[in-house]
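Participant: Below: one structure in C-alpha cells.
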Amino acid sequence: MHTNLSERVFQEIAQLIPSGSRVLDLGCAEGDLLELLSRTKQVKGMGVDIDEKMVLHCVARGISVFQGNLDEGLRDYQTASYDYVILSRTLQVVHKPVLILKEMVRVGKHAIVNFPNFGYLPIRLQLLLKGQMPVTPSLPFQWYDTPNIHLCTKKDFLNLCKVLGIRILQEINLWNGKRIPPFLGNAWATEVCFLLQGSSEGQSYVESIDSRSSLS
C-alpha cells in the first residue's frame, strides 16, 4: 500500500478514537498508527505483531508492543480491557478471521477494522478482461508472493458481521484515500473501514470453541 494512502487511512481511524483512549493495535507492524494516535490523541496504546523485526522496530521507537500470533486468539486479554481494538489491513492476512473478529469485540468496547475491498470495480474488470489476479495500489502483490489469503468485498464483511451478531456503528468508504458515499462502496471503494461493537455476552470465542471441542 502506498505511504500516502496508508497515512490517509490512519487519519480516518484516528478520527474515530477519542483522546486518552486505551487502544490495542493488532498487526501493528512498525507502529506507525500507534505513533500517530499517541501523538495526536494521547492514547494509551499497545501493539501486537507476529514478526520479531516489527516488534524490535516498535521497541526502538518507544512503542509498547507484544509479540504474538493473532490466529491463537486473545486469551490473555480480559473482556472490555481496551476502549478500541484495531485491525488495520490485517484481516485478509490471518488464517482465522472469524476468531479474531469475535475476540476483538470481546476485548474491546469498540473495534475498528479496515481492509482492501476486493469488490472494487477495476479489480472485477481485471479478472474479467485479463483473466489474471488483479494488482492495485491497495493490493500490490502478485498472486505468487501475496500475504493475502482471505480477500473479501465490503458486502462479504457486512454479511459476516450480521452472522456473528456484530453491530456496525459507522463505515468509511475510501476511493484512493478520498471518502465516497456508502452506497458506492462495494463497487468503488478501494478501502473500507468499520467501527464495530459486539454483544454484551462477554464470553471468549476461544473458550466457546474449546467447550464445543471437548463435547465432540
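Participant: If I filter segment 146-157 down to residues being within 14 Å of CYS193 (Cα to Cα) and more than 14 Å from the chain's Cα centre (by Cα), which single residue comes out as surrounded by the most Cβ atoms within 10 Å (Cβ to Cβ)?
Facilitator: It comes out as ASP156.
Participant: Quick one: in segment 168-189, which of the residues that are at pLDDT 95 or above and assigned to a loop (DSSP other than H, G, I, E, B) is surrounded by the most Cβ atoms within 10 Å (Cβ to Cβ)?
Facilitator: Looking at the filtered set, the residue picked out is ALA189.
Participant: Please tell me if LEU195 is in contact with a Cys (Cβ under 9 Å, 6 or more places away or on another chain), surrounded by 17 or more Cβ atoms within 10 Å (Cβ to Cβ) and either closer than 16 Å to VAL113 by Cβ or β-branched (Val, Ile, Thr) (or both).
Facilitator: no
Participant: Among the charged types (D, E, K, R), in contact with a strand residue (DSSP E or B) (Cβ under 7 Å, 6 or more places away or on another chain) and either buried (at least 24 other Cβ atoms within 10 Å of the Cβ) or not in a loop (DSSP other than H, G, I, E, B) (or both): does that describe LYS109? Outline the logic, then answer.
Facilitator: Numbers: among the charged types (D, E, K, R): yes; in contact with a strand residue (DSSP E or B) (Cβ under 7 Å, 6 or more places away or on another chain): yes; either buried (at least 24 other Cβ atoms within 10 Å of the Cβ) or not in a loop (DSSP other than H, G, I, E, B) (or both): yes.
So LYS109 fits the description; yes.
Participant: Please verify whether segment 74-83 includes one or more residues that are out of contact with any Asp or Glu (no Cβ under 8 Å at 6 or more places or on another chain), within 18 Å of CYS193 (Cα to Cα) and in contact (Cβ under 8 Å) with a residue 24 or more places away in the chain.
Facilitator: Yes: segment 74-83 contains one or more residues that are out of contact with any Asp or Glu (no Cβ under 8 Å at 6 or more places or on another chain), within 18 Å of CYS193 (Cα to Cα) and in contact (Cβ under 8 Å) with a residue 24 or more places away in the chain.
Participant: Please verify whether SER204 is of a type in the set (S, T, N, Q), at pLDDT below 95 and over 21 Å from HIS95 (Cα atoms), treating the condition exactly as stated. Talk me through it step by step, then tell me what you get.
Facilitator: Numbers: of a type in the set (S, T, N, Q): yes; at pLDDT below 95: yes; over 21 Å from HIS95 (Cα atoms): no.
No.
The values are calculated or read from the model by the stated rules, or taken from the named source; none is laboratory data. Here the structure is a predicted model, which is why all the values come from computation and not from measurement. For neighbour counting, all protein chains shown are included, and Cβ atoms are generated from backbone atoms with ideal geometry for every residue, glycine included.
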